[in-house]
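Taking it in order: structure first as structure tokens, then the write-up.
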Amino acid sequence: MQNFIKYKNNPVLGGEELGTCFDVYVWQDNGKFRMDFSWRKHDSAAVSFSNDGINWSEPIITLAPNYDSGWENRINRTCVIKVDGVYKMYY
């Protein structure tokens, strides 16, 4: 069984500056780490990139809320996959 050690400088993304980042998952894409997550401060889905898994780029909103839709007021719990070079998001 693997014993994980919590990184002492948590969080690596979020905190006071960015606010709550949740539903996080990290995967490798094009030689970099890619973190897709729900960004509470903006009610949006977002992405950030890293070379080392510790230092992350500024988040980019990948799907913003649509307040007129009646059901997309808050975007969260996304799943992004890459199929034949095309990114697909489920939420």
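The table for this structure:
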{"item": "The range 8-35 residues that are farther than 18 Å from TYR90 by Cα and part of a loop (DSSP other than H, G, I, E, B), paired with ones that are open to solvent by less than 70 Å² (accessible area, probe 1.4 Å) and charged (D, E, K, R) (beta carbon under 9 Å, 6 or more apart)", "result": "none"}
{"item": "Residue ID - surrounded by the fewest Cβ atoms within 10 Å (Cβ to Cβ), chosen from residues in the range 1-24 that are under 16 Å from PHE49 (Cβ atoms) and in contact with a strand residue (DSSP E or B) (Cβ under 6 Å, 6 or more places away or on another chain)", "result": "VAL24"}
{"item": "Matching residues, the range 41-73, being touching a Lys or Arg at 6+ places or on another chain (Cβ under 8 Å) and open to solvent by 90 Å² or more (accessible area, probe 1.4 Å)", "result": "ASN51"}
{"item": "Subset tally (residues that are open to solvent by 100 Å² or more (accessible area, probe 1.4 Å) and under 17 Å from MET35 (Cβ atoms)) for the range 74-89", "result": "1"}
{"item": "Qualifying position, being within 14 Å of the chain's Cα centre (by Cα), at pLDDT below 90 and not charged (D, E, K, R), among VAL80, VAL47, VAL12, VAL24", "result": "VAL12"}
{"item": "Cβ-Cβ under 8 Å pairs, at least 6 apart or on other chains, the range 42-58 side among the acidic types (Asp, Glu), far side surrounded by fewer than 16 Cβ atoms within 10 Å (Cβ to Cβ)", "result": "ASP43/ALA64; ASP43/ASN73; ASP43/ARG74"}
{"item": "Residue list for the range 69-91, restricted to those being within 17 Å of ALA46 (Cβ to Cβ) and either in a loop (DSSP other than H, G, I, E, B) or in contact with a Ser or Thr (Cβ under 9 Å, 6 or more places away or on another chain) (or both)", "result": "ASN73, ARG74, ILE75, ASN76, ARG77, THR78, VAL80, TYR87, MET89, TYR90, TYR91"}
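The values are calculated or read from the model by the stated rules, or taken from the named source; none is laboratory data. Predicted, not measured: the structure shown is a model, and the values here were computed from it. Neighbour counts are summed over all protein chains in view; Cβ atoms, including those assigned to glycine, are modelled from backbone coordinates with ideal geometry. The accessibility values were calculated without ligands, DNA or RNA, using every heavy atom of the protein model including side chains. Shrake-Rupley method; radii C 1.70, N 1.55, O 1.52, S 1.80 Å.
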